[in-house]
Amino acid sequence: MKILMFVLFVSQILFAQDFIVQKVSGNVFVQKGFEEKTQKVNTGDKLKSNDLIITDESAFIHLKDKNGNSFVLKSNSAVGVNYLRKMSLNDLILALTQEEIRTVPRNSNKTPNTAVYGTEARMKKPFDFQNKLGQKKINGAKQLAESGFVESAILAAKETFRKYPATGKNFGDRLYFADLVKNLGLDEESISEYNKISKIAETDAQKEILSNRIEGVNLKIIRN
Amino acid sequence: MLYQKVFTILNLIFLKSFALLLLVCSVSYSQENLDFMGGYPSLMTDGFRKNSFESNPGNFVAKSDWEFSAIYGADFSSSGSNISNDIFLISLSKKMDRHYFYFRYTPAFKKSFIISAGNNITIDSSSASLKTTINYSEKFGLGYSYSFGSNFSLGFSTRYFEEEMKEDVFNFFIGDTSILTTSTSVSQKKFWRTDFGMNYLLSERIRLNLSSKNLFLLNENGNLSNKHFELKLKKGIIFGLESKLSENLALNFNWDVASSFLLGSFYLFEIFGGKVIGGINITHDQTQNPFINVIMPTVSFSSNLYSVSLSYINYLQSRNNRLSDFAEKGIQNIVSNQFADDKLLLSMNFALSFKHEKAVEFLDVEVTNDIFPTLTEEFVNHPFAIGHAKNLTDKTISVKPISFIPGINNEHIYSPTVEIAPNSIGEVKFFTLISDEKNYEKRKIDNAEFLLFTTEPDYEDKTEKPVLINTKNNWDGKVSNLRYFVYRSFDYSLDFATRTMKNYSSAIDSNVYLKKFNSVKVLFSEFVKNMNYFSDPRTSFEYVQFPKETMERKGGDCDDLSVAFASILEIAGIETAFVDFKSDDGISHVNLLINTGLNSSQAELITQNDKKYFLRENQNGEDEIWIPLETTHFVSFESSWNLAAEKFYREAIENFGLQKGKVLITDIY
């Protein structure tokens, strides 16, 4: 049985800062800053905002900052320490606009990308680590949301869906975070998310769920 | 004693008879202070000068090179039984650039009073009668105006007047037979009158005029024997205001502060390629009754080559029984006075253009950008100067702006044509091409020539402005413009890239997916060998080395190194972008983002740390992996990548630098 998440949060507001590892169970790793390698985490270690915590199966880690704010990351998850903070809604909206900035205003006459794209089968093996890490990050983002860091969770999830494309194909996960956007009252952003998810909706049931969600938000907009 | 007695009696008779003098008015016009020739607001159409410097000697409105004017009119005596007609005025004007010269001959600008005793005097067999004739006339006038621009002009007019008084006197010869004869005593006054005036176009719809009245009076000889009958030449000021209420409706108001005013309202409509202007002027004159003493309906048609106007001057009070006025007050104005009769005037102006009439003129030109010779396309895509030009015609015209900067151009440069509506102002933008054949080693100030052309072979207007030409290494500080330096010395970069990639072909080709990434690695490692960092050689302005210069000098600052390495990558077919990190203290840092060509699923091929790359969507909607690279860090590719990634992640992603404009990405393509 997986370890149940237990989160202790005294304060609603946590700023990205150093955390001290209070307890470690199982294999927990940290990817420091911009390093390639990961290293095992031990009790008493200091984790910085650029660090990424990764837990394996049947593992968890308990962190605490100097103000006594705690966070427990359960098994098979990953979260950046910088996400362990309460973001403002405005910051989230600002962060979401980055999507537009990331589009390259490319000259149409430019020589097209010459990269060779491999097949899924060929890619599967070499990118196993990447796929696993992506899913762990989604798990971690969900725990952020459940811990009250909804804005951070949304941001972490969106980044993960994009950087780890395999995770973006999970309808349930995508819907979960889109609902978070909707629940924050970001109507237009949520409709945009639902529309994006509709591209991966395969079953009629999934399509109906999305249709209902979009209709609900639209009704809310009209009534307001 | 007898002589004296007789003489006294005769004088008394003469004076008593004064009240019964027969007035013969051989009238015409002179010394106008207000425009009594059917003038309308010049704001409505600035095609012609309308014969006038009366109300405003500084008025500089004519467009024609040469202009000929004439007024022919009829004068209706108060009884209606006597109609006289004459040529009132002939004028010729010439415009030379900003100078305007005007001459007019006024053959019928005159007024005569003949005062006659009602009875003959008879002594013995001799009989005689007495009369006094007073003639006022304006012979000719000269005017000059200078335009200080499209809004302001200043000028003066000088006119020549003659006054003449002929008085009959009795001569007695007392002898065996008393003989009574008469002789005529003549006295003359000839003088010049000079006035100044100015004209100011406050806006497209308001024009202000100001002129003096009788400012300088220069007497050539003496005075009339009876000064009482001389023209009353009070000094004064005439203030004028024209207001264009709409495209079709305008008002004019001229106020002679001493004695009178003129108020008019005119309506314009276009027909047959010309303008019809109709309206009415009314005037007040202190010396006349009633309060509004004249109404002047006017209708006019004007085209580019001629104008014709017909005016009727109607005095609202009877013209009879004003002799006492003349005896008491004389007259102040030869044209409009208490003795003037109704008139019908036909006024014609003809443009005698011996050269092409200017269709458009500059209002201003502002050089908005200094010239940076290396930023070539900037001056093709963005204007270096912006001007405003006025269409002086009644038709929409196409204006071709042309510029020439000797220091950077081999020939005149045509900028895009601009359409300007009739009598409107349009914005003209001047673009330029920078020649590769010029020397840009030293900064200098050059005189840029700006020309406006229409369909004529010769230019319509021309002006010059100084332009700063920087050296080839000067940069305007905009990171987006660093790309122009990337394109320079491409051959050198090509040679470097080709040689290096050939030398390391096996490393580059080791993985089919990583050709670009591996190319970046080997090119960077080769590029930074023996490279040093040093600041700009000059601090007063931005200085950027060409890639060849950076590689030959083995160093530069962040701009130089980023430009040089971007040049190498671009020539190798690897897309790059400048990343501009702005700081609050104004000191920017530039490094690079490089497209690995990998998609997001392939990230693991180059890193297991997703903070080290940045996804950008290409035009096909696919995400591609771009990696930051610090070009001023020469230790290794990996450490340069890490260093840049950390800075990019912190400032662009975590601190929302991209959204806040603190971090700018400028693609080089």
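The values are calculated or read from the model by the stated rules, or taken from the named source; none is laboratory data. These numbers were taken from a predicted model, which means no experiment stands behind them. We place every Cβ from the backbone using ideal geometry, glycine too, and count neighbours over all the protein chains shown.
Of all residues in the stretch B:394-414, those being crowded, with 18+ Cβ neighbours inside 10 Å and polar (S, T, N, Q) number 2.
Which of the following residues is within 14 Å of chain A (Cβ to nearest Cβ) and modelled with pLDDT of 90 or more: B:Leu514, B:Leu494?
Working: B:Leu494 fails: within 14 Å of chain A (Cβ to nearest Cβ).
The match here is B:Leu514.
In a residue-by-residue description of the stretch B:626-648, the property of being over 27 Å from B:Asn511 (Cα atoms), in contact with a Gly (Cβ under 9 Å, 6 or more places away or on another chain) and within 14 Å of chain A (Cβ to nearest Cβ) applies to at least one position.
Among the residues of the stretch B:604-615, none is identified as part of a strand (DSSP E or B), touching a residue at least 24 places away in the same chain (Cβ under 8 Å) and facing another protein chain (nearest Cβ under 7 Å).
Here the condition is being more than 23 Å from B:Pro547 (Cβ to Cβ), surrounded by fewer than 17 Cβ atoms within 10 Å (Cβ to Cβ) and in the same structural domain as B:Leu629 (by TED's automatic domain parsing); of B:Asp491, B:Asp509, B:Asp458, B:Asp495, it holds for B:Asp509 alone.
Looking at B:Asn171, B:Asn135, can you tell me which residue is part of a strand (DSSP E or B), of a type outside the set (D, E, K, R) and within 15 Å of B:Ile334 (Cα to Cα)? First the steps, then the outcome.
On the way: B:Asn171 fails: within 15 Å of B:Ile334 (Cα to Cα).
Selected residue: B:Asn135, the only one of B:Asn171, B:Asn135 that is part of a strand (DSSP E or B), of a type outside the set (D, E, K, R) and within 15 Å of B:Ile334 (Cα to Cα).
Return the residue satisfying two criteria in turn: it lies in the stretch B:556-586 and is more than 14 Å from chain A (Cβ to nearest Cβ) and in a loop (DSSP other than H, G, I, E, B), and of such residues it is surrounded by the most Cβ atoms within 10 Å (Cβ to Cβ).
B:Asp557
Selection over the stretch B:587-603 of residues that are surrounded by fewer than 22 Cβ atoms within 10 Å (Cβ to Cβ) and away from chain A (no Cβ under 11 Å) gives a count of 3.
Given the options A:Gly172, A:Gly140, name the one that is under 16 Å from the mean Cα position of the chain (by Cα) and in contact (Cβ under 8 Å) with a residue 12 or more places away in the chain. Spell out how you get there, then give the answer.
Numbers: A:Gly172 fails: in contact (Cβ under 8 Å) with a residue 12 or more places away in the chain.
Just a single option satisfies the conditions, and that option is A:Gly140.
Listed by first and then second residue, the pairs with beta-carbon distance under 7 Å, at least 6 apart or on different chains, first residue in the stretch B:656-669 and at positive phi and within 7 Å of chain A (Cβ to nearest Cβ), second modelled with pLDDT under 90 and part of a helix (DSSP H, G or I), are B:Phe656/A:Leu94; B:Phe656/A:Ala95.
Could we say that B:Val367 is modelled with pLDDT of 95 or more and within 30 Å of B:Gly274 (Cβ to Cβ) here? Talk me through it step by step, then tell me what you get.
Numbers: modelled with pLDDT of 95 or more: yes; within 30 Å of B:Gly274 (Cβ to Cβ): no.
Criteria not met by B:Val367.
Results for (1) at the interface with chain B (Cβ under 8 Å from one of its Cβ atoms); (2) modelled with pLDDT of 95 or more; (3) in contact with a strand residue (DSSP E or B) (Cβ under 8 Å, 6 or more places away or on another chain); (4) surrounded by 15 or more Cβ atoms within 10 Å (Cβ to Cβ), shown as yes or no for each residue.
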| position | (1), (2), (3), (4) |
| --- | --- |
| A:Lys40 | no, yes, yes, no |
| A:Leu63 | no, no, yes, yes |
| A:Asn82 | yes, no, no, yes |
| A:Ser108 | yes, no, no, no |
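Of the residues making up the stretch B:469-506, just one is more than 15 Å from B:Glu378 (Cα to Cα), among the β-branched types (Val, Ile, Thr) and under 53 Å from the mean Cα position of the chain (by Cα), namely B:Thr471.
Residues in the stretch B:626-669 that are surrounded by fewer than 17 Cβ atoms within 10 Å (Cβ to Cβ) and among the polar types (S, T, N, Q): B:Ser636, B:Ser639, B:Asn655. Considering only residues in the stretch B:610-668 that are more than 15 Å from A:Phe34 (Cα to Cα), at pLDDT 90 or above and basic (Lys, Arg), the one that is farthest from the chain's Cα centre (by Cα) turns out to be B:Arg616.
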